[in-house]
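See structure below.
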Amino acid sequence: MKMHENDFLIAVADGRATTQELERYQQLRQADPRVELYVALLRATHARLQRAAAQQPQAVPASLLERIRRQTSQPANLIGNAARRWWWVAAAAAAILVVIVAPWRTNATDFREESLKNFQLIRSGTLTVAKASQNFDELVAFFRSHGVTYNLVNVPLRAELVGGVVSEHNGTKLAHMVYRRGDTLIYMYQAPEELFERGILALPPSVTPYAETGKWYAETVAHATWMFWRVQSVYCSVVANVPKEVLATYFVEGAL
């Protein structure tokens, strides 16, 4: 396929330039050294897109690609507008990565809704622990033996650990724990940040700032309390059938 007349810099960056195009590039580069940096940015953008596409291929809108082509294929105006164009290409590359890696969570599972659903299944007895243990380290060994690879957080609770169960989501094994305080069941779901970055799991938009800052969040939903916080690269979700002010007292001071 014949490339657009002004696309030769993209061809240079992709390693597909002809001898004439390379000579033209050298002339431009000698006239303004910033052109070399511009091509380097194009080359880095191309490499990032290839890596992202290899991890999770998704369709990139033709309109977005066309905008990028127009913004990066006008050498006549390149020298005077190089700095502005470098910024635009970087922004466009970021936009494509969003489309490829996380096409905004159209099919993402809501972390809060899934936690509330699992809690109700546990309360009804439909979902039971696969490994009964009061020892956190023993439970972690169980999770590891069943394919859970991310770090798990031992949250100091004024409650008795009952056990845990492993689930699978898009090929990733996930850990769920159950605690008991008197007649109150406390359900804890821990998931790696990676699943949220890939758009497999999602937080409600109002909760996202809490994940970014590491602050804990609590709200009453369907006569239960849902609590969320992030510890390094692990997202923690807790549900219990008590008011949030009461659930907060179950955590050892300084745990959140």
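Read the figures in this text as sums done on the coordinates, not as results from a lab. Since the structure is predicted, the reported quantities are computational estimates derived from the model, not experimental observations. In this analysis, Cβ positions are derived from the backbone assuming ideal geometry, glycine residues included, and neighbour counts consider all displayed protein chains.
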Give the shape of the range 167-248 as rounded, prolate or oblate, defined through the alpha-carbon gyration tensor: a ≥ b ≥ c are the square roots of its eigenvalues, a/c under 1.5 means rounded, and otherwise the shape is prolate if a/b is larger than b/c and oblate if not. oblate
How many nm is it between the label spots at residue 16 and residue 221, if each spot is 7 Å from the Cα in line with the beta carbon? 4.6 nm
Report the Cα centroid-to-centroid distance between the range 150-201 and the range 202-231 in angstrom, as an integer. 15 Å
Indicate the gyration tensor shape class of the range 109-249 (rounded, prolate or oblate), computed on the Cα atoms with a ≥ b ≥ c the square roots of the eigenvalues: a/c under 1.5 is rounded; otherwise a/b larger than b/c is prolate and the rest oblate. rounded
With a sphere of radius 13 Å drawn around the Cβ of residue 165, what net charge do the other residues whose Cβ falls strictly inside it have (Lys, Arg +1; Asp, Glu -1)? +1
With a sphere of radius 10 Å drawn around the Cβ of residue 225, what net charge do the other residues whose Cβ falls strictly inside it have (Lys, Arg +1; Asp, Glu -1)? -1
Cα→Cβ-extended label distance, 7 Å offset, between residue 245 and residue 206, nm: 1.9 nm
Residue 127 long-range amide H proximity, modeled H, under 5 Å: 122
Where does each of 174-184, 118-128 land if you order them by average Cβ count within 10 Å, highest first? 174-184, 118-128
Within straight cross-link reach of residue 244, meaning Cα distance under 13 Å, which aspartates and glutamates are found once same-chain residues fewer than 8 apart are removed? 219
